[in-house]
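First comes the structure, then the notes that go with it.
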Amino acid sequence: MIRRFIKRVFGDSKSPSSGKPNDNPLILPRSKHGIKRALIDSCALKTCETLADAGFNAFVVGGAVRDLLLDKKPKDFDVATDATPEEVRRLFRRSRIIGRRFKIVHVMCGRDTIEVTTFRAGGNINGEEEDERPTDETGRILEDNIFGNMAEDAARRDFTVNALYYDPLREEVHDYFNGVADCKKKILRMIGDPATRFREDPVRMLRAARFAAKLDFHIDPATRKPVAELAGLLDNVPRARIFDEAVKLLMSGHAVRGVHQLRAEGLHHGMLPLLDTILDDEQGKRFIEAGLKNTDQRIHEDKPASPGFLFACLLWPQVQRRWKEIQAEGEKPIPALFIAMDEVLETQRGLLAIPRRLDGMIKEVWALQPRFEHRSGSRPFRLLEHPRFRAGYDFLLIRAESGEVAHELGDWWTEFQDADEESRKAMLQADTGPKPKRRRRRKPKSEAAASPGEEIT
(Lines give C-alpha, C1' and ligand atoms only; values in the text may rest on other atoms or scores of the structure.)
Protein backbone atom coordinates (compact mmCIF):
# COMPACT_ATOMS: atom_id res chain seq x y z
CA MET A 1 0.00 0.00 0.00
CA ILE A 2 2.85 2.39 0.87
CA ARG A 3 4.59 1.55 -2.41
CA ARG A 4 1.35 2.20 -4.31
CA PHE A 5 1.03 5.63 -2.62
CA ILE A 6 4.66 6.55 -3.42
CA LYS A 7 4.07 5.61 -7.06
CA ARG A 8 0.98 7.81 -7.17
CA VAL A 9 2.81 10.77 -5.60
CA PHE A 10 6.16 10.55 -7.40
CA GLY A 11 4.99 8.93 -10.63
CA ASP A 12 6.56 6.20 -12.72
CA SER A 13 8.90 6.30 -15.69
CA LYS A 14 6.29 8.00 -17.89
CA SER A 15 6.66 11.78 -18.05
CA PRO A 16 4.05 13.31 -15.69
CA SER A 17 3.49 16.26 -18.01
CA SER A 18 2.83 14.34 -21.24
CA GLY A 19 -0.62 13.62 -22.63
CA LYS A 20 -3.91 14.89 -21.28
CA PRO A 21 -4.62 15.10 -17.57
CA ASN A 22 -6.50 12.36 -15.78
CA ASP A 23 -10.01 13.49 -14.92
CA ASN A 24 -9.39 11.88 -11.53
CA PRO A 25 -6.33 13.70 -10.14
CA LEU A 26 -4.15 12.65 -7.28
CA ILE A 27 -5.92 14.12 -4.21
CA LEU A 28 -3.64 14.60 -1.24
CA PRO A 29 -5.07 15.07 2.26
CA ARG A 30 -3.51 17.52 4.69
CA SER A 31 -1.50 14.75 6.35
CA LYS A 32 0.35 14.25 3.03
CA HIS A 33 0.90 17.83 1.85
CA GLY A 34 1.10 19.70 5.18
CA ILE A 35 -0.70 22.92 4.10
CA LYS A 36 -2.88 24.19 6.93
CA ARG A 37 -6.01 26.20 6.28
CA ALA A 38 -4.67 28.85 8.69
CA LEU A 39 -1.84 29.59 6.21
CA ILE A 40 -4.32 30.75 3.55
CA ASP A 41 -4.98 34.48 3.24
CA SER A 42 -8.28 35.41 4.93
CA CYS A 43 -9.55 37.24 1.82
CA ALA A 44 -8.83 34.20 -0.38
CA LEU A 45 -10.67 32.00 2.14
CA LYS A 46 -13.65 34.34 2.15
CA THR A 47 -13.72 34.37 -1.65
CA CYS A 48 -13.69 30.56 -1.83
CA GLU A 49 -16.39 30.29 0.83
CA THR A 50 -18.66 32.78 -0.94
CA LEU A 51 -18.33 30.89 -4.22
CA ALA A 52 -18.91 27.54 -2.48
CA ASP A 53 -22.02 28.87 -0.70
CA ALA A 54 -23.39 29.87 -4.13
CA GLY A 55 -22.93 26.31 -5.40
CA PHE A 56 -19.62 26.73 -7.25
CA ASN A 57 -16.27 24.99 -6.86
CA ALA A 58 -13.40 27.24 -5.80
CA PHE A 59 -9.73 26.54 -5.16
CA VAL A 60 -6.60 28.45 -4.20
CA VAL A 61 -4.39 27.78 -7.19
CA GLY A 62 -0.93 28.09 -8.68
CA GLY A 63 2.02 29.84 -7.10
CA ALA A 64 0.49 30.14 -3.63
CA VAL A 65 0.07 26.36 -3.37
CA ARG A 66 3.56 25.79 -4.76
CA ASP A 67 5.15 28.24 -2.30
CA LEU A 68 3.32 26.75 0.69
CA LEU A 69 4.57 23.29 -0.29
CA LEU A 70 8.09 24.78 -0.33
CA ASP A 71 7.57 26.43 3.09
CA LYS A 72 7.71 29.88 1.50
CA LYS A 73 5.38 32.79 2.17
CA PRO A 74 3.18 33.38 -0.91
CA LYS A 75 3.11 36.88 -2.35
CA ASP A 76 -0.38 36.47 -3.85
CA PHE A 77 -3.33 34.15 -3.40
CA ASP A 78 -5.25 33.48 -6.62
CA VAL A 79 -8.54 31.61 -6.87
CA ALA A 80 -9.84 29.39 -9.69
CA THR A 81 -13.51 28.47 -10.03
CA ASP A 82 -16.12 26.96 -12.35
CA ALA A 83 -18.17 30.18 -12.10
CA THR A 84 -18.02 32.45 -15.16
CA PRO A 85 -16.55 35.97 -14.78
CA GLU A 86 -20.08 37.41 -14.90
CA GLU A 87 -21.28 35.03 -12.17
CA VAL A 88 -18.28 35.91 -9.99
CA ARG A 89 -18.92 39.60 -10.56
CA ARG A 90 -22.54 39.28 -9.37
CA LEU A 91 -21.46 37.58 -6.12
CA PHE A 92 -19.04 40.28 -5.02
CA ARG A 93 -20.13 43.88 -4.76
CA ARG A 94 -16.56 45.18 -4.75
CA SER A 95 -15.29 43.46 -7.89
CA ARG A 96 -14.62 44.17 -11.53
CA ILE A 97 -13.93 42.20 -14.72
CA ILE A 98 -10.64 43.08 -16.39
CA GLY A 99 -8.59 41.83 -19.32
CA ARG A 100 -9.12 41.21 -23.00
CA ARG A 101 -6.88 38.25 -23.79
CA PHE A 102 -7.77 36.65 -20.45
CA LYS A 103 -10.95 37.75 -18.69
CA ILE A 104 -10.46 37.68 -14.94
CA VAL A 105 -12.24 39.16 -11.94
CA HIS A 106 -10.57 41.30 -9.30
CA VAL A 107 -12.33 40.91 -5.97
CA MET A 108 -11.46 43.72 -3.58
CA CYS A 109 -11.21 42.79 0.08
CA GLY A 110 -10.13 45.68 2.27
CA ARG A 111 -6.81 46.82 0.84
CA ASP A 112 -6.17 43.43 -0.80
CA THR A 113 -7.23 42.16 -4.22
CA ILE A 114 -7.95 38.52 -4.99
CA GLU A 115 -7.64 37.50 -8.64
CA VAL A 116 -10.39 35.04 -9.61
CA THR A 117 -10.15 33.10 -12.89
CA THR A 118 -12.68 30.76 -14.48
CA PHE A 119 -11.55 27.23 -15.40
CA ARG A 120 -10.44 27.31 -19.03
CA ALA A 121 -10.13 24.63 -21.68
CA GLY A 122 -6.58 23.33 -22.04
CA GLY A 123 -6.36 23.70 -25.80
CA ASN A 124 -3.68 21.85 -27.76
CA ILE A 125 -1.00 21.09 -25.20
CA ASN A 126 0.85 18.49 -27.31
CA GLY A 127 0.50 20.06 -30.75
CA GLU A 128 -1.43 17.03 -32.06
CA GLU A 129 -4.96 18.42 -32.36
CA GLU A 130 -6.53 21.50 -33.88
CA ASP A 131 -6.73 24.32 -31.35
CA GLU A 132 -9.86 26.46 -31.45
CA ARG A 133 -8.16 29.50 -29.88
CA PRO A 134 -7.17 32.27 -32.33
CA THR A 135 -3.41 32.67 -32.85
CA ASP A 136 -1.06 34.83 -34.91
CA GLU A 137 1.29 33.49 -37.59
CA THR A 138 3.88 32.36 -34.99
CA GLY A 139 1.35 30.40 -32.92
CA ARG A 140 0.94 32.99 -30.15
CA ILE A 141 -2.55 32.81 -28.62
CA LEU A 142 -4.51 36.03 -29.07
CA GLU A 143 -7.62 35.12 -27.08
CA ASP A 144 -8.24 32.43 -24.47
CA ASN A 145 -11.74 32.64 -23.06
CA ILE A 146 -12.90 29.09 -23.82
CA PHE A 147 -14.18 27.80 -20.49
CA GLY A 148 -13.65 24.21 -19.37
CA ASN A 149 -13.41 22.01 -16.30
CA MET A 150 -10.67 21.83 -13.68
CA ALA A 151 -8.74 19.08 -15.51
CA GLU A 152 -8.65 21.17 -18.69
CA ASP A 153 -7.69 24.24 -16.67
CA ALA A 154 -4.75 22.34 -15.19
CA ALA A 155 -3.62 21.35 -18.71
CA ARG A 156 -3.46 24.97 -19.92
CA ARG A 157 -1.20 26.07 -17.05
CA ASP A 158 2.48 26.38 -17.82
CA PHE A 159 4.48 24.29 -15.35
CA THR A 160 3.56 21.23 -13.32
CA VAL A 161 4.36 22.99 -10.04
CA ASN A 162 1.86 25.73 -10.94
CA ALA A 163 -0.98 23.31 -11.76
CA LEU A 164 -1.88 22.55 -8.14
CA TYR A 165 -5.30 23.26 -6.63
CA TYR A 166 -5.91 23.62 -2.91
CA ASP A 167 -9.43 23.14 -1.56
CA PRO A 168 -9.51 25.24 1.65
CA LEU A 169 -12.79 23.69 2.81
CA ARG A 170 -11.48 20.11 2.74
CA GLU A 171 -7.77 21.02 3.05
CA GLU A 172 -6.94 18.85 0.03
CA VAL A 173 -4.49 19.37 -2.84
CA HIS A 174 -5.60 18.27 -6.33
CA ASP A 175 -2.57 17.33 -8.44
CA TYR A 176 -3.01 16.48 -12.16
CA PHE A 177 0.60 16.39 -13.35
CA ASN A 178 2.69 15.23 -10.38
CA GLY A 179 3.45 18.84 -9.48
CA VAL A 180 3.91 17.92 -5.82
CA ALA A 181 6.63 15.46 -6.80
CA ASP A 182 8.36 18.06 -8.98
CA CYS A 183 8.26 20.51 -6.05
CA LYS A 184 10.03 17.99 -3.88
CA LYS A 185 12.62 17.30 -6.62
CA LYS A 186 13.02 21.04 -7.41
CA ILE A 187 12.31 20.48 -11.09
CA LEU A 188 10.62 23.01 -13.37
CA ARG A 189 8.79 21.02 -16.04
CA MET A 190 6.52 22.31 -18.81
CA ILE A 191 3.08 20.73 -19.14
CA GLY A 192 2.68 19.28 -22.63
CA ASP A 193 4.98 19.82 -25.60
CA PRO A 194 7.39 22.66 -24.62
CA ALA A 195 7.82 24.02 -28.15
CA THR A 196 4.05 24.24 -28.66
CA ARG A 197 3.51 25.87 -25.28
CA PHE A 198 6.30 28.42 -25.84
CA ARG A 199 4.85 29.30 -29.24
CA GLU A 200 1.44 29.86 -27.61
CA ASP A 201 2.99 32.37 -25.23
CA PRO A 202 6.72 33.16 -25.59
CA VAL A 203 6.68 34.93 -22.20
CA ARG A 204 6.64 31.42 -20.69
CA MET A 205 10.34 31.21 -21.54
CA LEU A 206 10.99 34.28 -19.37
CA ARG A 207 8.82 32.80 -16.63
CA ALA A 208 10.90 29.60 -16.73
CA ALA A 209 14.09 31.61 -16.14
CA ARG A 210 12.44 33.67 -13.39
CA PHE A 211 11.01 30.67 -11.52
CA ALA A 212 14.26 28.72 -11.81
CA ALA A 213 16.13 31.65 -10.25
CA LYS A 214 13.52 32.48 -7.62
CA LEU A 215 12.90 28.90 -6.47
CA ASP A 216 16.44 27.60 -7.09
CA PHE A 217 14.93 24.93 -9.37
CA HIS A 218 16.54 22.95 -12.16
CA ILE A 219 14.84 23.38 -15.56
CA ASP A 220 13.87 20.02 -17.03
CA PRO A 221 16.11 19.32 -20.12
CA ALA A 222 13.08 18.72 -22.37
CA THR A 223 11.65 22.07 -21.26
CA ARG A 224 14.92 23.91 -21.89
CA LYS A 225 15.68 22.32 -25.28
CA PRO A 226 13.51 24.50 -27.58
CA VAL A 227 14.33 27.80 -25.84
CA ALA A 228 17.42 28.62 -27.91
CA GLU A 229 15.48 28.14 -31.15
CA LEU A 230 12.35 30.02 -30.04
CA ALA A 231 13.88 32.91 -28.05
CA GLY A 232 13.39 35.21 -31.04
CA LEU A 233 9.60 34.92 -30.64
CA LEU A 234 9.87 37.39 -27.75
CA ASP A 235 10.21 40.12 -30.41
CA ASN A 236 6.56 39.46 -31.26
CA VAL A 237 5.35 40.07 -27.69
CA PRO A 238 4.00 43.53 -26.74
CA ARG A 239 6.74 45.50 -25.02
CA ALA A 240 4.45 46.29 -22.08
CA ARG A 241 4.23 42.56 -21.24
CA ILE A 242 8.02 42.25 -21.47
CA PHE A 243 8.39 45.18 -19.09
CA ASP A 244 5.95 43.61 -16.60
CA GLU A 245 7.91 40.36 -16.67
CA ALA A 246 11.18 42.25 -16.25
CA VAL A 247 9.84 44.00 -13.15
CA LYS A 248 8.70 40.65 -11.68
CA LEU A 249 12.16 39.19 -12.21
CA LEU A 250 14.03 42.22 -10.88
CA MET A 251 11.72 42.61 -7.85
CA SER A 252 11.65 38.89 -6.98
CA GLY A 253 14.36 39.18 -4.34
CA HIS A 254 16.58 37.03 -6.57
CA ALA A 255 17.46 39.58 -9.26
CA VAL A 256 21.19 38.72 -9.36
CA ARG A 257 20.50 35.05 -10.02
CA GLY A 258 17.63 35.91 -12.37
CA VAL A 259 19.72 38.17 -14.59
CA HIS A 260 22.43 35.53 -14.91
CA GLN A 261 19.78 32.86 -15.58
CA LEU A 262 18.34 35.02 -18.37
CA ARG A 263 21.74 35.37 -19.97
CA ALA A 264 22.52 31.67 -19.57
CA GLU A 265 19.31 30.80 -21.45
CA GLY A 266 19.97 33.44 -24.13
CA LEU A 267 16.70 35.19 -23.25
CA HIS A 268 18.15 38.56 -22.28
CA HIS A 269 18.09 39.68 -25.93
CA GLY A 270 14.29 39.72 -25.74
CA MET A 271 14.07 41.34 -22.30
CA LEU A 272 17.26 43.18 -21.34
CA PRO A 273 19.48 43.34 -24.43
CA LEU A 274 21.76 45.83 -22.66
CA LEU A 275 23.11 43.02 -20.46
CA ASP A 276 25.65 41.95 -23.08
CA THR A 277 27.23 45.40 -23.16
CA ILE A 278 27.18 45.78 -19.37
CA LEU A 279 28.26 42.32 -18.22
CA ASP A 280 31.12 42.14 -20.72
CA ASP A 281 32.59 45.28 -19.13
CA GLU A 282 34.14 44.58 -15.73
CA GLN A 283 33.23 47.97 -14.23
CA GLY A 284 29.67 47.77 -15.56
CA LYS A 285 29.30 44.21 -14.28
CA ARG A 286 30.45 45.19 -10.77
CA PHE A 287 28.04 48.14 -10.71
CA ILE A 288 25.00 46.16 -11.93
CA GLU A 289 25.62 43.27 -9.53
CA ALA A 290 26.03 45.71 -6.63
CA GLY A 291 22.74 47.42 -7.56
CA LEU A 292 20.82 44.16 -7.94
CA LYS A 293 22.29 42.81 -4.70
CA ASN A 294 21.20 45.98 -2.89
CA THR A 295 17.61 45.54 -4.11
CA ASP A 296 17.56 41.82 -3.27
CA GLN A 297 18.69 42.62 0.26
CA ARG A 298 16.05 45.33 0.70
CA ILE A 299 13.30 42.94 -0.45
CA HIS A 300 14.48 40.19 1.90
CA GLU A 301 14.45 42.71 4.76
CA ASP A 302 10.91 43.85 3.82
CA LYS A 303 12.18 47.33 2.99
CA PRO A 304 10.63 49.33 0.15
CA ALA A 305 12.22 48.84 -3.28
CA SER A 306 11.49 50.80 -6.44
CA PRO A 307 11.49 49.56 -10.07
CA GLY A 308 12.57 53.08 -11.04
CA PHE A 309 15.70 52.78 -8.88
CA LEU A 310 16.50 49.38 -10.41
CA PHE A 311 16.24 50.69 -13.96
CA ALA A 312 18.35 53.68 -12.94
CA CYS A 313 21.02 51.12 -11.95
CA LEU A 314 20.65 49.04 -15.12
CA LEU A 315 20.91 52.04 -17.44
CA TRP A 316 23.58 54.02 -15.58
CA PRO A 317 26.58 52.41 -17.36
CA GLN A 318 25.09 53.47 -20.70
CA VAL A 319 24.39 56.98 -19.39
CA GLN A 320 27.97 57.27 -18.16
CA ARG A 321 29.40 56.12 -21.48
CA ARG A 322 27.25 58.54 -23.48
CA TRP A 323 27.93 61.35 -20.97
CA LYS A 324 31.69 61.06 -21.58
CA GLU A 325 31.21 60.98 -25.35
CA ILE A 326 29.12 64.16 -25.33
CA GLN A 327 31.66 65.97 -23.14
CA ALA A 328 34.43 64.87 -25.53
CA GLU A 329 32.47 66.61 -28.29
CA GLY A 330 32.79 69.88 -26.40
CA GLU A 331 29.65 70.08 -24.26
CA LYS A 332 29.87 71.17 -20.62
CA PRO A 333 29.48 68.39 -17.97
CA ILE A 334 26.00 69.11 -16.60
CA PRO A 335 24.25 69.82 -19.93
CA ALA A 336 26.03 66.74 -21.33
CA LEU A 337 24.62 64.59 -18.51
CA PHE A 338 21.05 65.71 -19.22
CA ILE A 339 21.44 65.06 -22.95
CA ALA A 340 22.82 61.57 -22.20
CA MET A 341 19.94 60.82 -19.81
CA ASP A 342 17.29 61.71 -22.41
CA GLU A 343 19.00 59.76 -25.19
CA VAL A 344 19.43 56.56 -23.16
CA LEU A 345 15.87 56.59 -21.80
CA GLU A 346 14.37 57.16 -25.24
CA THR A 347 16.42 54.34 -26.76
CA GLN A 348 15.45 51.89 -24.02
CA ARG A 349 11.79 52.87 -24.21
CA GLY A 350 11.64 51.38 -27.69
CA LEU A 351 13.19 48.13 -26.42
CA LEU A 352 11.53 47.70 -23.03
CA ALA A 353 8.58 50.13 -22.86
CA ILE A 354 9.74 51.75 -19.61
CA PRO A 355 6.73 53.86 -18.52
CA ARG A 356 7.27 57.61 -18.64
CA ARG A 357 5.96 57.82 -15.07
CA LEU A 358 9.32 56.39 -13.95
CA ASP A 359 11.35 59.00 -15.85
CA GLY A 360 11.20 61.61 -13.11
CA MET A 361 12.59 59.35 -10.40
CA ILE A 362 15.26 57.85 -12.66
CA LYS A 363 16.48 61.23 -13.92
CA GLU A 364 16.55 62.78 -10.46
CA VAL A 365 18.71 59.97 -9.08
CA TRP A 366 21.15 60.39 -11.97
CA ALA A 367 21.15 64.20 -11.84
CA LEU A 368 22.00 64.19 -8.11
CA GLN A 369 25.26 62.27 -8.57
CA PRO A 370 27.49 65.25 -9.58
CA ARG A 371 26.11 67.20 -6.62
CA PHE A 372 27.59 64.69 -4.15
CA GLU A 373 31.04 65.82 -5.28
CA HIS A 374 30.46 69.27 -3.72
CA ARG A 375 31.18 69.25 0.01
CA SER A 376 31.70 72.92 0.75
CA GLY A 377 29.56 75.92 1.53
CA SER A 378 25.80 75.57 1.67
CA ARG A 379 25.48 73.02 -1.13
CA PRO A 380 25.65 69.87 1.06
CA PHE A 381 22.88 71.28 3.29
CA ARG A 382 20.66 71.98 0.30
CA LEU A 383 21.26 68.49 -1.06
CA LEU A 384 20.14 66.94 2.24
CA GLU A 385 16.78 68.66 1.80
CA HIS A 386 16.20 67.27 -1.69
CA PRO A 387 13.20 64.86 -1.76
CA ARG A 388 15.27 62.26 -3.66
CA PHE A 389 18.33 62.58 -1.42
CA ARG A 390 17.96 59.10 0.09
CA ALA A 391 17.61 57.38 -3.29
CA GLY A 392 20.53 59.40 -4.67
CA TYR A 393 22.63 58.55 -1.61
CA ASP A 394 21.85 54.81 -1.95
CA PHE A 395 22.87 55.06 -5.61
CA LEU A 396 26.12 56.77 -4.59
CA LEU A 397 26.93 53.89 -2.20
CA ILE A 398 26.45 51.39 -5.03
CA ARG A 399 28.84 53.43 -7.17
CA ALA A 400 31.36 53.35 -4.29
CA GLU A 401 30.93 49.60 -3.74
CA SER A 402 31.56 48.91 -7.43
CA GLY A 403 34.69 51.07 -7.41
CA GLU A 404 33.29 53.79 -9.66
CA VAL A 405 33.89 56.47 -7.01
CA ALA A 406 36.04 56.49 -3.88
CA HIS A 407 34.62 54.86 -0.74
CA GLU A 408 35.66 58.00 1.12
CA LEU A 409 32.95 59.99 -0.69
CA GLY A 410 30.21 57.60 0.40
CA ASP A 411 31.59 57.47 3.95
CA TRP A 412 31.63 61.28 4.14
CA TRP A 413 27.94 61.52 3.21
CA THR A 414 27.03 58.70 5.58
CA GLU A 415 28.62 60.62 8.45
CA PHE A 416 27.42 64.05 7.32
CA GLN A 417 23.71 63.19 7.17
CA ASP A 418 23.73 61.70 10.69
CA ALA A 419 25.85 64.42 12.31
CA ASP A 420 24.51 67.38 14.31
CA GLU A 421 24.66 70.93 12.94
CA GLU A 422 28.00 71.86 14.51
CA SER A 423 29.66 68.63 13.39
CA ARG A 424 28.39 69.15 9.85
CA LYS A 425 29.91 72.62 9.70
CA ALA A 426 33.22 71.21 10.90
CA MET A 427 33.14 68.55 8.17
CA LEU A 428 32.79 71.04 5.33
CA GLN A 429 35.74 71.23 2.99
CA ALA A 430 37.40 74.43 1.88
CA ASP A 431 35.91 75.85 -1.29
CA THR A 432 38.85 75.83 -3.68
CA GLY A 433 36.79 76.18 -6.84
CA PRO A 434 36.32 79.41 -8.80
CA LYS A 435 34.03 81.83 -7.07
CA PRO A 436 30.81 82.55 -8.92
CA LYS A 437 30.69 85.93 -10.65
CA ARG A 438 28.66 88.51 -8.82
CA ARG A 439 25.85 89.94 -10.84
CA ARG A 440 26.04 93.67 -11.46
CA ARG A 441 23.11 95.50 -10.00
CA ARG A 442 21.06 97.10 -12.69
CA LYS A 443 20.10 100.72 -12.21
CA PRO A 444 16.44 101.59 -12.22
CA LYS A 445 15.21 102.74 -15.61
CA SER A 446 14.49 106.25 -14.31
CA GLU A 447 18.02 106.48 -12.94
CA ALA A 448 19.60 105.10 -16.11
CA ALA A 449 17.68 107.59 -18.23
CA ALA A 450 18.98 110.58 -16.30
CA SER A 451 22.03 112.40 -17.66
CA PRO A 452 25.23 112.43 -15.60
CA GLY A 453 24.99 114.89 -12.72
CA GLU A 454 21.27 115.45 -13.27
CA GLU A 455 19.22 115.23 -10.09
CA ILE A 456 16.29 112.86 -10.22
CA THR A 457 13.11 114.00 -8.55
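Summary table below
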quantity: Counted residues, the range 182-196 - those being within 25 Å of Asn57 (Cα to Cα) and out of contact with any Lys or Arg (no Cβ under 7 Å at 6 or more places or on another chain); calculated: 0
quantity: Output for the range 359-387, where each listed residue is crowded, with 17+ Cβ neighbours inside 10 Å and not in a helix (DSSP H, G or I); calculated: Arg375
quantity: Scope the range 287-319; condition closer than 15 Å to Ser402 by Cα and touching an Asp or Glu at 6+ places or on another chain (Cβ under 8 Å); matching residues; calculated: Phe287, Ala290, Asn294, Pro317
quantity: Answer residue from the range 180-214, given it is touching a Pro at 6+ places or on another chain (Cβ under 8 Å) and touching a residue at least 60 places away in the same chain (Cβ under 8 Å) and is surrounded by the fewest Cβ atoms within 10 Å (Cβ to Cβ) among those; calculated: Ala195
quantity: Unique match (being outside any helix (DSSP H, G or I), within 30 Å of the chain's Cα centre (by Cα) and either buried (at least 17 other Cβ atoms within 10 Å of the Cβ) or not hydroxyl-bearing (Ser, Thr, Tyr) (or both)) among Ala80, Ala64; calculated: Ala80
quantity: Subset of the range 239-257 [touching a residue at least 60 places away in the same chain (Cβ under 8 Å) and either over 16 Å from Ala305 (Cβ atoms) or charged (D, E, K, R) (or both)]; calculated: Arg239, Ala240, Ile242, Phe243
quantity: Selection status of Asp235, assigned to a helix (DSSP H, G or I), touching a Pro at 6+ places or on another chain (Cβ under 8 Å) and of a type in the set (Asp, Glu); calculated: no
quantity: Sole residue being surrounded by fewer than 17 Cβ atoms within 10 Å (Cβ to Cβ), under 24 Å from Arg388 (Cβ atoms) and not assigned by TED's automatic domain parsing to the domain that holds Glu401, chosen from Gln297, Gln283; calculated: Gln297
quantity: Count of the range 274-289 residues which are of a type outside the set (Val, Ile, Thr), in contact (Cβ under 8 Å) with a residue 24 or more places away in the chain and within 19 Å of Leu345 (Cβ to Cβ); calculated: 3
quantity: Test: residue in the range 391-401 that is surrounded by fewer than 13 Cβ atoms within 10 Å (Cβ to Cβ), part of a helix (DSSP H, G or I) and either in the same structural domain as Pro317 (by TED's automatic domain parsing) or in contact with a Leu (Cβ under 8 Å, 6 or more places away or on another chain) (or both); calculated: no
quantity: Any hit, the range 413-424, residues being of a type outside the set (Lys, Arg), within 22 Å of Arg286 (Cα to Cα) and in contact with a Lys or Arg (Cβ under 9 Å, 6 or more places away or on another chain); calculated: yes
quantity: Verdict on Asp153 being surrounded by 20 or more Cβ atoms within 10 Å (Cβ to Cβ), without any contact (Cβ under 8 Å) to a residue 60 or more places away in the chain and closer than 18 Å to Ala80 by Cβ; calculated: no
quantity: For Phe416: the one exception among (1) of a type outside the set (Asp, Glu); (2) under 29 Å from Leu250 (Cα atoms); (3) surrounded by 15 or more Cβ atoms within 10 Å (Cβ to Cβ); calculated: (2)
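The values are calculated or read from the model by the stated rules, or taken from the named source; none is laboratory data. What you are looking at is a predicted structure, and each value in this text was computed from that prediction instead of being measured. With ideal geometry, Cβ positions are generated from the backbone for all residues, glycine too; neighbour counts draw on all protein chains shown.
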